[in-house]
Amino acid sequence: MAGGGFVAQQGGGASYEGRVTAFVVCTCLIAATGGLLFGYDLGISGGVTSMEPFLKKFFPSVFAKQNDAAKHESEYCKFDSQLLTLFTSSLYLAALVASFFASVVTRIFGRKVSMFVGGLAFLVGSILNGVAMNVAVLIIGRLLLGVGVGFANQSVPVYLSEMAPAKIRGALNIGFQMAITIGILVAGLINYGTAKIEGGWGWRVSLALAVVPALVMTLGAIVLPDTPNSILERGHSEKARQMLQKVRGTQNVDDEFQDLVDASEAAKKVDHPWRNILQPRYRPQLVLCILIPFFQQLTGINVIMFYAPVLFKTLGFGDDASLMSAVISGTVNVLATIVSIYSADRYGRRILFLEGGVQMIISQFAVGITIALKFGLNGEGTLSKSDANFLLFLICVYVAAFAWSWGPLGWLVPSEICPLEIRSAGQAINVAVNMIFTFIIAQVFLSMLCHMKFGLFFFFAAFVIIMTIVIYFFLPETKNVPIEEMNKVWKQHWFWAKYIPDEAVIGANRKVEQRDA
């Protein structure tokens, strides 16, 4: 069967004792707020860069070009500026570098320490952005925000996957994406309000309010417990058992704890996780930790999330209309993520990936055709109210598809498929690839829109077609499978089976047989 056989808890994964406790739900909700950092920045930067007072102060050439009709004959090229895009994309370059340091911190000192460092860096960066008087301070602030995002995106998904019971791991892990979407929506609402502040300083409020999610994550990291996996990884066996008992709400955690011990002992034999992840036995995890974040960014979602107000303004929406349209698409983003929380553990990851891909393909082609008909190749034209509403509807259809598929699952799946000995390295690769292509898309989007015009949407649609095919053939179902027994999933897959040695699953099978007996 293409894509591998369905493997659920009853299909080979161990069924551990325990229940879904209020403690684990609360800790996962607090940890998931780390997504607010990423989401708030995604939503705030596009709105700020569409505000005239901000452009006039830091990017006067863009402001002049925007307001000089003779210099922008094409609507497609209204905001084309490498310096302006550097303001947005510099954060993701810093996040890329930070993710590798975060990998070491997460493995040696624990997940919560990494979360604390990320929150603190984001806090300082927010303050600098709010008080910036020149581009240099603005960029330095963005770089510190990037460090915060790099540490948060490295540690939070891993924390959630390790803390959550297998049967609701998807729902709790998707809390991270939910926080991202809430951050985006809140940022859109704040931009809509601050753009109306008289005196032209509203952009400072938008940037400075990033201290709020930074404080939430920093203080949350202080009160959160560390995961049993992380505690055991650092050599505190009894403390890890006690934490597992508290998390699962039962004293009988022998089976699950033994699996954690086995995984920890295997991890300790690995002196170089970065070298180890290159071994053939980890080929499925390595490939998917690269391809999933690569394709997630090539969906074109950050074109919408970064530059929604700029994009809508470019396409003929007025100033207020462009910001409000961004709020509407942000609201759709939040609501659609709830669908994923409900569906990921019920229907599985694969069906959401595949349905979301098809829906994005259709909506992107429809957006490209609509823009082509209205603006043509020369970029001259206008949108009627009905045209603008239809375009906004198509973009919301696209955002909804991403929000219940590639958005949350792009973080969930890489964080749950790696065994403990390569988990930090795998997540660092996931974050790094994500940030590399987030940076590239952020940096070149406005130029691509200027030169590729409506073809830009066909460009992203082509990648969505490719990635949907890849998921169909190469991603097995992982719902309800304990993360310490994920090798059994790969061993049953039509393509990946040849990379997984027999001893990687024989031990797990023997333990299951002993429990059944």
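The Cα-based radius of gyration of the chain, divided by its Kirkwood radius, gives an Rg/Rh of 0.99. Once you sort the root eigenvalues of the Cα gyration tensor of segment 338-394 as a ≥ b ≥ c, which label holds: rounded (a/c under 1.5), prolate (a/b larger than b/c) or oblate (the other case)? Prolate shape, in that a/c is at least 1.5 and a/b is the bigger ratio. Overall, the accessible surface of the chain at a probe of 1.4 angstrom is composed of carbon and sulfur to the extent of 67 percent.
Taking the C-alpha atoms only, the angle from helix 211-223 to the longest principal axis of the chain is near 10 degrees.
Both numbers refer to the Cα atoms of segment 185-278; Rg and Dmax are 22.3, 64 Å. When the helices of the chain are scored as -39500 (n - 2.57) per DSSP H run of n ≥ 4 and the total is divided over every residue, the value at 222 nm lands at -25000 deg cm²/dmol.
Consider all pairwise Cα distances in segment 104-242 and report the whole-number % of them above 26 Å. Roughly 33 percent, once rounded to a whole number. Segment residue 133..residue 104, full-extension length gain: 6.9 nm, with 0.36 nm per residue of separation and the alpha-carbon distance subtracted. Here the Karplus relation 6.51 cos²θ - 1.76 cosθ + 1.60, evaluated at θ = phi - 60°, turns the backbone of segment 247-254 into coupling constants of 5, 8, x, 8, 7, 8, 10, 4 Hz, with x for every Gly and Pro.
At a probe radius of 1.4 angstrom, the accessible area of the chain per residue rounds to 36 square angstrom.
With 31 Å as the limit on Cα-Cα distance, the pairs of 167/239; 239/488; 453/479 that go past it are 453/479.
The values are calculated or read from the model by the stated rules, or taken from the named source; none is laboratory data. Just so it is clear, the structure is predicted and the values come from calculations on it, not from any experiment. Remember, those area values only see protein heavy atoms, side chains included, never the ligands or the DNA or RNA. Shrake-Rupley method; radii C 1.70, N 1.55, O 1.52, S 1.80 Å.
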